[in-house]
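Have a look at the structure below before the remarks.
All of the numbers you see were taken from the coordinates with simple rules; none came from a lab. Quick caveat, the model's predicted, so the values are computed rather than measured. Every residue, glycine as well, gets a Cβ built from its backbone with ideal geometry; the counts of neighbours run over all protein chains shown.
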Amino acid sequence: MKFIIGTKQGMTQVFDQDGRVHPVTVISAVKNAVTQVKTPARDGYTAIQIGYAEKAEKNINKPQKTKGFFAGFKEVRLESVEGMEVGQTLEATTFTQGDTVTVSAISKGKGFQGVVKRHGFAGGRRSHGQKHSEREPGSIGGGAGRAGGRVVKGMRMGGRMGGDRVTVKNLSIVRVDAEKGEIYIGGAVPGRRGTFVEIMGA
């Protein structure tokens, strides 16, 4: 299984050999290295731990310094760890053009939003007699009916929007720039610029 963690740089477009344009998201493959290899005999399961993105020594606690100066760590379950060893680096060339990947990242945080933006509600009618209620949610059924005078769990209301872990499957690698350490993924990828993005292939 192929895996790497990078940072989202933004979106652009590239042209293929036939002159067709493809919208892509540019991912910069930050420093990735295997910091631990887990085996069934010792740990009860098969996985590797990956350290990603460099961090200043003064900002790392003492136990983590033995694994290198990384900003974070991610454990990835694998069917086999054959050929994997501590210190092995993972680069953009781990992937090749045409690979199908699954991408996970934290989506953009949008703060507190109302029901129209958060859930797509239509809002109130724009007719005579309405006042300050064009974007209100309307009744939430909290009377003496089936709700029993309470707000039902899962009720769609205003609240914090975004900032969730989002996974997008079946995206394709359009281009890999080994010199710049960049991966071009077809389509949109969740997150703002600078977000850490997990890319997992078959």
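A few comments on the model shown:
- Label separation (ASP177 vs HIS22): 1.5 nm, computed from points 7 Å beyond Cα along the C-beta direction.
- Label corresponding to Cα Rg over 2.2 N^0.38 Å when calculated from the structure given, among (1) 1.01; (2) 1.11; (3) 1.39: (3)
- Rg ratio for segment 124-181: its Cα radius of gyration over 2.2 N^0.38 Å, N being its residue count, equals 2.18.
- Counting only Cβ charges, +1 for Lys and Arg and -1 for Asp and Glu, the dipole size of the chain around its Cα centre is about 1540 debye.
- With helices as the sole contributors, the chain gives -1000 deg cm²/dmol at 222 nm; each DSSP H run of n ≥ 4 counts as -39500 (n - 2.57), and the sum is divided by every residue.
- Quotient of C-alpha Rg and 2.2 N^0.38 Å, computed over segment 84-202: 1.65
- Highest-fluctuation residue, GLY158, GLY186, GLY98 considered, GNM on the chain with Cα pairs under 10 Å: GLY158
- Neighbour count of at most 16 Cβ within 10 Å plus DSSP loop: longest GluC sites (Glu not before Pro)-free window in the chain: 1-78
- GNM result for the chain, Cα springs below 10 Å: residue of THR46, THR167, THR25 fluctuating most strongly: THR46
- The Cβ shell under 12 Å around THR195 holds other residues with a net charge of +4, Lys and Arg each +1, Asp and Glu each -1.
- Among GLY124, GLY187, GLY111, the residue with the largest mean-square fluctuation in a Gaussian network model of the chain, with springs joining Cα atoms closer than 10 Å, is GLY124.
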